[in-house]
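So the structure is just underneath, and the comments pick up after that.
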Amino acid sequence: MSFSPGKFLHDVRAEAERVTWPSRRATLVTTGAVLAMAGLASVFFFVVDQLIGLGLRQLFGLGG
């Protein structure tokens, strides 16, 4: 079995032409949704972390 870089590049180019690329609008909407969900997740985990920390400080009497 032999490897031909030329055939490989030809196959890669042919496969890339078959890809259905998203529109600019679809890309922007999806990016916005991902950023919004990441923001919501970060706020959620921050609040949960603060509540757990508060509970542990109350439980063990640590901190101010």
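The values are calculated or read from the model by the stated rules, or taken from the named source; none is laboratory data. Nothing here was measured: the structure is a model prediction, and the numbers come from that model. For neighbour counting, all protein chains shown are included, and Cβ atoms are generated from backbone atoms with ideal geometry for every residue, glycine included. With ligands, DNA and RNA removed, areas are computed over all heavy atoms of the protein, side chains included. Shrake-Rupley method; radii C 1.70, N 1.55, O 1.52, S 1.80 Å.
Quick notes on this one:
- A 1.4 Å probe run over the protein chains yields, for the chain, 96 Å² of accessible area per residue, whole-number rounding.
- Per-residue [θ]222 nm for the chain (sum of -39500 (n - 2.57) over DSSP H runs n ≥ 4, rounded to 500): -28500 deg cm²/dmol
- Annotation for the range 1-53: chymotrypsin sites (Phe, Trp or Tyr not before Pro) lying in DSSP loop with at most 10 further Cβ atoms inside 10 Å of their Cβ are Phe3.
- Computed E for Ala14/Val34 - FRET, C-beta separation, R0 25 angstrom, nearest 0.05: 0.25
- Computed about its Cα centre, the charge dipole of the chain is approximately 160 debye, with only Lys, Arg, Asp and Glu carrying charge at their Cβ.
- Note on Leu59: accessible area is roughly 120 Å² with a 1.4 Å probe, heavy atoms of protein only.
- Arg24, Arg57, Arg13, ranked by accessible area, largest first (probe 1.4 Å): Arg24, Arg13, Arg57
- The rule of thumb for compact globular proteins, 2.2 N^0.38 Å, goes into the C-alpha radius of gyration of the chain 2.36 times.
- Most to least accessible of Asp11, Asp49 (protein chains only, probe 1.4 Å): Asp49, Asp11
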